[in-house]
1. Rounded to the nearest 20 debye, what is the charge dipole size of the range 59-111 about its Cα centre when +1 sits on each Lys and Arg Cβ and -1 on each Asp and Glu Cβ?
2. Can you give the extra length, in nm with one decimal, that the chain gains between Ile42 and Gln110 once fully stretched, where that is 0.36 nm per residue apart less the Cα-Cα distance?
3. Just read off the accessible area of Glu44 with the full protein assembly in place, 1.4 Å probe, to the nearest 10 Å².
4. From the residues Leu98, Asn124, Cys80, which one has its Cα farthest along the dipole of the range 45-130 in the positive direction, the dipole being from +1 and -1 charges on Cβ of Lys/Arg and Asp/Glu about the Cα centre?
5. Of the heavy-atom accessible surface of the range 63-124 (probe 1.4 angstrom), what whole percent is carbon and sulfur?
6. Sorted by accessible area (1.4 Å probe), largest first, how do Phe79, Phe54, Phe68 line up?
7. Taking H placed 1.01 Å from N in the peptide plane, check which residues at least 5 places from Arg120 or on another chain put their amide H under 5 Å from its amide H.
8. Hey, any idea what the orientation-averaged projected area of the convex hull of the range 85-130's Cα atoms comes to, in nm²?
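The values are calculated or read from the model by the stated rules, or taken from the named source; none is laboratory data. Here the structure is a predicted model, which is why all the values come from computation and not from measurement. Quick reminder, even Gly has a Cβ in these numbers, built from the backbone with ideal geometry, and neighbours come from all protein chains shown. Side chains are part of the model used for accessible areas, which takes the heavy atoms of the whole protein and leaves out ligands, DNA and RNA. Shrake-Rupley method; radii C 1.70, N 1.55, O 1.52, S 1.80 Å.
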Amino acid sequence: MTESLRHSQHKEFQTMAQLIQKKTNAMTCEINRLPNELLLLILEKLDFEQLTEFAAAWLRISHIVRDFDIVSPRELHCFCLKQDYRYIKLGVGVSTDLGYIASEFDLLSQQAYDPWKIRRAINNLFLSPC
């Protein structure tokens, strides 16, 4: 192979590498530069398993989940209808039997108690009428 042919191939390779680099830079999204507010919007769309996997894979997400208490509000939902506190009114089911008050602290919505006639908590505790 002649020196000029080698030089020509080398130059062509450099040109292709530069084009690839430019194209790659144009299409690269630096997710680490996103503000927490945008990451929180993304995290809101994930189910619990996806959220925990994402937090395990990326330390920043783990910190956001901890610092912004992402998991606790997800647990505030009606045990029957599975709707959360942002969309439905929730209360704690209480049983009053023989002068004693008992509760399992399961959250139940009025929509489940009235129209669906839900009268037992998860562990079969009878719920007294309101």
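1. Charge dipole of the range 59-111: 300 debye, to the nearest 20.
2. Taking 0.36 nm per residue and subtracting the Cα distance, the gain is 21.4 nm.
3. Number for this one is 100 Å².
4. Result: Cys80.
5. On the way: 2520 of 4520 Å².
Carbon with sulfur: 56 percent of the solvent-accessible area.
6. Output order, biggest surface exposure first: Phe68, Phe54, Phe79.
7. Here Leu127 satisfy the definition.
8. Projected over every direction and averaged, the Cα hull of the range 85-130 covers 3.2 nm².
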